[in-house]
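Here the structure comes first, spelled out in structure tokens, and everything after it is commentary.
The values are calculated or read from the model by the stated rules, or taken from the named source; none is laboratory data. It should be emphasised that the depicted structure is a prediction, and the values quoted were computed from it without experimental measurement. Counting neighbours? That spans all protein chains shown, and the Cβs are built from the backbone with ideal geometry, glycine included. All accessible areas refer to the heavy atoms of the entire protein, side chains included, with ligands and DNA or RNA removed. Shrake-Rupley method; radii C 1.70, N 1.55, O 1.52, S 1.80 Å.
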Amino acid sequence: MSSWRTLLLRIGDKCPEYGGNLDFKEHIETCYGILWRELEHSGDDILTFFLECTEQLPHKISLYGVLVGLLNLESEDFAKQIVDVTQTNLQDALDTGNCNRIRILMRFITALMCSKVLQPGSIVEVFETLLSSAATTVDEERGNPCWQPRADFYITCILSCLPWGGAELSEQVPEEIERVLAAIEAYLSIRKHASDIGFSVFESNEESAKGHPEKDFLEDLWDRIQVLSNNGWKVDSVPKPHLSFEAQLVAGKSHDFGPISCPEQPDPPSLLSSITCGKQRHEAELKYPRRIRRLNLFPASKAEQNMQPIDRFIVEEYLLDVLFFFNGCRKECASFMAGLPVPFRYEYLMAETIFSQLLFLPQPPFKPVYYTLVIIDLCKALPGAFPAVVAAAVRSLFERIVDLDMDCRTRLILWFSHHLANFQFIWPWDEWANVLDLPKWAPQRVFVQEVLEREVRLSYWDKIKQSIENAPALEDLLPPRGGTNYKYSTDVENTEHSISKELRSMVRGKKTSQEINAWVEENIILVHGSKVALEVVIQTFLDIGAKSFTHLITVLERYGQVISKLCPDEDKQIQLIDEVSLFWKSNAQMTAIAIDRMMGYRLISNLAIVDWVFSPSNVNQFHTSDSPWEILRNAVNKTYNRILDLRKEISSLQKSILSAEDSTAKATEGLEAAESKLEVVNGEPVQAENPVRLKRLKSYADKAKEEETSLRESLEAKEALLTRAFGENEALFITLYKKFASVLLERLPHASPDGKMPGLNSSVTDSMALDSEEPSTMDVDRENGMSEKSSQLNGQSVSDGYNVGEQEQWCRTTLGYVKAFSRQYASEIWLHIERLDREVFTQDVHPLFRKAVYGGLHRLGI
């Protein structure tokens, strides 16, 4: 990497390139000197790389703005190029809805204005363009309020620029910036409060239940900006390097920023209904998502120590930008996160921000393992501070585990077990030993049990037992030691033993599937019946494949046809799953893996898995074990991913067909041009083109047509598979929701005539409320904290340590998973919502079930 690239990349860092110091002024002077010297020879390269740095290292934008300002003094053309390309990029980002790019480029043009490269009036024009679009969108007569997420995003972009340039705008164009702020205030008065119901990490909704909903993210940011404005726009967390060069920068020419335009808002639904509006709102939320939902794990005295209100927002912006742009470089990510340009400590806020992304709903921006690695690297980079903060975050989450969303609880379990695996499984388990005094369904006890089970998967049983030696009683929560439960491993000889031995010898003798099928039909099914055949064959195959994952895959690939013939229908497939579960009853991981692989080979259907998960023995575990939920998640995920993969393949084929059509057209055109060339020989027109070249051109044209035809056939095949997968998906969700509706209707208490829901704590019903402006009809008796029926629901006694009965906890857990599945697969569920409304979400289903589904879909006000 050439020196100017390194200097641009490392500006503001404590690094050898800048002598190991952190003097921003010196860094800027050094970098400017090199850039100015190289500008004549490498202007285009510098321009491209410079803009890449501004977009991918946004926490250094203030420094890059000053560099452009200094270069503007010597080369106005270069600065004008920067401005013009930035305007083009911003317009492209607006047209494509690239949220991160819009936000970063808005911040960059604000920094250019501070360094006298841009006219302040140009920035105000950009703000007013976004404001106009936002105000039109939320106008119920002229706009399309379903797309309020886009309007809110535009306003957030404007407000987020003000910490970087509010002081300069207030000084240079005070009337204009006051007009912008007044317009934002007017916008806030007409928009609807953005509800987080269905997307809250913690399900307690006490404030909403009291009729005083918490401020949403935009309202909160507006309050912070108002405090900043009242303080004279003084902010410590944003570097102001342009002030050190003000005397020089003022001599530069300020350029105009070209006009921008916002894309036209989508037309409102022609038929206004909860479904059409809900689909548009869902699309808008996907395209313009929220960046963060604060967890508030720590007291403000720790998380915001020595900070102004706006500082929290700015540090969160820095952290989220680094997490986004360095998602492929975890060590660089941790390094930049640990060295933000702020004058105060922010470890607590950094931990809370990372956990907010790990637990973000409906999905974290990146795979959870990324955040695991970042936390690990930060613990190693800041050994004296960050590990204790992470431990405090875990304790805070553990204390509130009762209110934690079920999807978030699963992620927390997976993260925590993985994190401990990287630190020798060390944790003060004695702090949590008291969970043994809680009933088996208590969320804290289940959490510890599931963490230990996941740790065993990542290590081995004896190692995890050793890690809890400071709380030996917790051994009761460890999973069984593992191993198989092969039916025919005893020395007792019977018919099944003999058949199993013979089948094993046939497998060792590498008999084909056809030979084994014939043998099974003749020697087992006709003599002992299909049930015995299924038990013996599956148990034997599983025992042969039990040595390792590879052995299991080999058996399934080699003898899948045997299993498929034995289990042709759903009932037989459920028996197959029963056999797998029985064989691996001491190993939940292998049970899940075996069932998942069998579904992958289409030996088991997703509907059979759903039926099995909702069998009585599994339903009774819903609140005490993650095992049935893991198997159900795997089945739904695999079905969902088939559709995603097919859509990607179809999109790729469509692009390839366009390219092939172009190639075919060119090849055909070349051939026709060659064939049309004539010359006169002996008074007769003859072919002028060389026959060899003509033959070659014809070959090219034929190959191009063949390739195009082949691609079209592949596209037709993939589209047929997609249609089939779409039907499977629809059947899966209908079956899944019918099962949920059925088991919940059996166990949830009936609503009384006055609309109350006896037997469930108010937190369940309040957290399911869909519109904070409407009082919930599911109020319950709160006298003494819980009604008598609540504490003795269906005869269940309550432990002194956890005042929720087993039946009530089962209902809470199951409703939580209903909401989690609805939220995670909302994009697919909305495609089938009409049929689901007709067949499942009818007036016959329990009101809390319907509210859980609607909450996950963010189907508000219904």
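Residue count for segment 529-546 under the criterion of being open to solvent by 10 Å² or more (accessible area, probe 1.4 Å) and of a type in the set (S, T, N, Q): the result is 1.
So in segment 803-827, with the set limited to residues that are assigned to a loop (DSSP other than H, G, I, E, B) and crowded, with 24+ Cβ neighbours inside 10 Å, which one is nearest to the chain's Cα centre (by Cα)? Selected residue: Val804.
If you go through segment 711-733 and pick out every residue that is under 24 Å from Phe821 (Cβ atoms) and open to solvent by 60 Å² or more (accessible area, probe 1.4 Å), you end up with 3. Does Ala393 fit the bill of being at negative phi, in a helix (DSSP H, G or I), of a type in the set (Gly, Ala, Ser) and more than 27 Å from the chain's Cα centre (by Cα)? For Ala393, the condition - at negative phi, in a helix (DSSP H, G or I), of a type in the set (Gly, Ala, Ser) and more than 27 Å from the chain's Cα centre (by Cα) - is not met.
Only a single criterion out of (1) within 24 Å of Trp810 (Cα to Cα); (2) among the aromatic types (Phe, Trp, Tyr); (3) open to solvent by 20 Å² or more (accessible area, probe 1.4 Å) is not satisfied by Phe447, namely (3).
If you check Ile375 against the conditions, is it more than 29 Å from Trp810 (Cα to Cα) and either touching a strand residue (DSSP E or B) at 6+ places or on another chain (Cβ under 9 Å) or buried (at least 19 other Cβ atoms within 10 Å of the Cβ) (or both)?
Numbers: more than 29 Å from Trp810 (Cα to Cα): yes; either touching a strand residue (DSSP E or B) at 6+ places or on another chain (Cβ under 9 Å) or buried (at least 19 other Cβ atoms within 10 Å of the Cβ) (or both): yes.
Judged against the criteria, Ile375 is a match.
Matching residues to (1) in contact with a strand residue (DSSP E or B) (Cβ under 7 Å, 6 or more places away or on another chain); (2) of a type in the set (Gly, Ala, Ser); (3) at pLDDT 85 or above:
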{"position": "Ala688", "(1), (2), (3)": "yes, yes, no"}
{"position": "Lys695", "(1), (2), (3)": "no, no, no"}
{"position": "Ser699", "(1), (2), (3)": "no, yes, yes"}
{"position": "Asp702", "(1), (2), (3)": "no, no, yes"}
{"position": "Ser710", "(1), (2), (3)": "no, yes, yes"}
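Just one of the numbered conditions (1) open to solvent by 50 Å² or more (accessible area, probe 1.4 Å); (2) farther than 28 Å from Pro364 by Cβ; (3) under 34 Å from the mean Cα position of the chain (by Cα) is not true of Glu176: (3). Looking at segment 353-367, is at least one residue under 24 Å from the mean Cα position of the chain (by Cα), charged (D, E, K, R) and not in a helix (DSSP H, G or I)? The answer is yes; a qualifying residue exists.
If only residues of segment 832-850 that are part of a helix (DSSP H, G or I) and touching a Lys or Arg at 6+ places or on another chain (Cβ under 9 Å) are counted, the one that is least open to solvent (accessible area, probe 1.4 Å) is Ile833.
Go through segment 573-604 and give me each residue that's of a type in the set (Lys, Arg) and surrounded by 16 or more Cβ atoms within 10 Å (Cβ to Cβ). Can you show your working first?
Let us first name the residues in segment 573-604 that are of a type in the set (Lys, Arg), namely 585, 597, 602.
Across segment 573-604, the qualifying residue is only Arg597.
The set of residues in segment 252-282 being modelled with pLDDT under 90, assigned to a loop (DSSP other than H, G, I, E, B) and of a type in the set (Gly, Ala, Ser) consists of Gly252, Ser270, Ser273. Output yes when any residue across segment 746-760 is modelled with pLDDT of 50 or more and either part of a helix (DSSP H, G or I) or acidic (Asp, Glu) (or both), and no when none is. Within segment 746-760 (the criterion being modelled with pLDDT of 50 or more and either part of a helix (DSSP H, G or I) or acidic (Asp, Glu) (or both)), the answer is yes, since at least one residue qualifies. When Arg504, Arg481, Arg454, Arg508 are screened for being out of contact with any Ser or Thr (no Cβ under 9 Å at 6 or more places or on another chain) and either within 23 Å of Asn587 (Cβ to Cβ) or without any contact (Cβ under 8 Å) to a residue 40 or more places away in the chain (or both), only Arg508 passes. When segment 491-516 is limited to residues that are farther than 20 Å from Val562 by Cα and open to solvent by 80 Å² or more (accessible area, probe 1.4 Å), the one that is modelled with the highest pLDDT turns out to be Glu493. For segment 401-439, give me each residue that is in contact with a Phe, Trp or Tyr (Cβ under 6 Å, 6 or more places away or on another chain) and open to solvent by 40 Å² or more (accessible area, probe 1.4 Å). Selection gives Asp403 alone.
Can you say whether Phe245 is crowded, with 18+ Cβ neighbours inside 10 Å and at pLDDT 90 or above, as far as the supplied structure shows? Answer is yes for this residue. Scanning segment 3-25 for residues that are in contact (Cβ under 8 Å) with a residue 24 or more places away in the chain and either assigned to a loop (DSSP other than H, G, I, E, B) or among the aliphatic types (A, V, I, L, M) (or both) yields a total of 7.
Where helices (runs of 4 or more DSSP H) sit wholly within segment 67-150, those with at least 2 residues that are under 22 Å from Pro268 (Cα atoms) and open to solvent by 30 Å² or more (accessible area, probe 1.4 Å) occupy 76-96, 120-138.
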